[in-house]
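A short write-up of the structure that comes next.
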Amino acid sequence: KTQTYIALVDALNNIALCIFFSSFKGHAGIALASPLAAVANSALLHYFLARRLAQHGGLRLFALLRRSGAIALATVAMAGVVITFTLVLPPEDLPRLPLIGWLLAALAVSGATFLFIASELGINELEPLLKAVKRRLRRR
């Protein structure tokens, strides 16, 4: 029930942020709005999860808040890379094929930035991802 309400708030927040940012940044504003809405959604989910965990012991709550802060910091660094990409080489000026290259480069560099910052802060995001891929490949 709580997750449904959070999903509704997230959808409305995403729409509002898309309208707000697209009014002065165009399609780049929509690209900026979606991750911001995702961070807000994550914060809400973490808040309600932390409240539930607090009922079962405070130590888990501290670990959850530390992990959440580290992930938020890595997300901000990732967003900074994407913003830098848009400032250095605005995607509006690119034809379709170079735009695809720009997008792939922005995704690769920002994703690598997130993984690096997260691992430096003690959050290992890459290991579970690689394990899941290996499990998936073994099934085939």
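The numbers here are math on the coordinates, done by the rules we state, and not lab data. All figures in this text were calculated on a predicted structure; none of them were measured in a lab. Here Cβ is always computed from backbone atoms with ideal geometry, including for glycine, and neighbour counts include all displayed protein chains.
Once both axes come from the Cα atoms, what is the angle between helix 58-88 and the longest principal axis of the chain, in degrees from 0 to 90, rounded to 10?
Taking the Cα atoms of the chain, the angle to 58-88 is about 0 degrees.
Would you mind checking the tilt of helix 96-120 against the longest principal axis of the Cα atoms of the chain, expressed as 0 to 90 degrees and rounded to 10?
Once rounded, the angle reads 30 degrees.
In straight Cα distance, which aspartates and glutamates are under 15 Å from Lys25, not counting same-chain residues fewer than 8 positions off?
Glu92, Asp93
Applying the Karplus parametrisation 6.51 cos²θ - 1.76 cosθ + 1.60 with θ = phi - 60° to the phi angles of segment 39-51, what ³J(HN,Hα) value in whole Hz is obtained for each residue in order, glycine and proline being reported as x?
5, 5, 4, 4, 4, 5, 4, 5, 4, 5, 5, 4, 4
Given the chain reduced to its alpha-carbon atoms as identical point scatterers, what log10 I(q)/I(0) does the Debye formula return at q = 0.13, 0.21 Å⁻¹?
Debye intensities relative to I(0), on a log10 scale: -0.76, -1.28.
Using a 7 Å offset from the Cα along the Cα-to-Cβ direction at both Ser22 and Arg96, what is the distance between the two label points in nm, to one decimal?
The modelled label-to-label distance comes out at 2.1 nm.
Using each residue's phi in segment 19-30, evaluate 6.51 cos²θ - 1.76 cosθ + 1.60 at θ = phi - 60° and report the 3J(HN,Hα) Karplus result to the nearest Hz, with x for Gly and Pro.
So the J values, rounded to whole Hz, are 5, 4, 6, 6, 5, 10, 10, x, 5, 5, x, 5.
List every residue whose amide H lies under 5 Å from the amide H of Leu121, counting only residues 5 or more places away in sequence or on a different chain, with H placed 1.01 Å from N in the peptide plane.
Sorted by chain and number, the residues that satisfy this come to none at all.
Between Arg138 and Arg66, what is the spin-label point distance in nm, taking each point 7 Å from the Cα along the Cα→C-beta axis?
Here the modelled spin labels are 3.0 nm apart.
Tell me, how many Å apart are the Cα centres for segment 1-27 and for segment 97-122?
Using only Cα atoms to place each centre, the spacing works out to 24 Å.
Over 15 Å apart: what share of the alpha carbon pairs of segment 61-129 falls there, rounded to a whole percent?
58 percent
Pop the C-beta distance of Ile83 and Arg52 into the FRET formula with R0 = 35 Å and round what comes out to the nearest 0.05.
Efficiency for this residue pair is about 0.50.
Roughly how big is the chain's charge dipole about its Cα centre, with Cβ charges of +1 (Lys, Arg) and -1 (Asp, Glu), in debye to the nearest 20?
Its charge dipole is roughly 960 debye.
Counting helices only, and only those DSSP H runs with n ≥ 4, report the 222 nm mean residue ellipticity of the chain as the sum of -39,500 (n - 2.57) divided by its residues, in deg cm²/dmol to the nearest 500.
Value at 222 nm, helices only: -31000 deg cm²/dmol.
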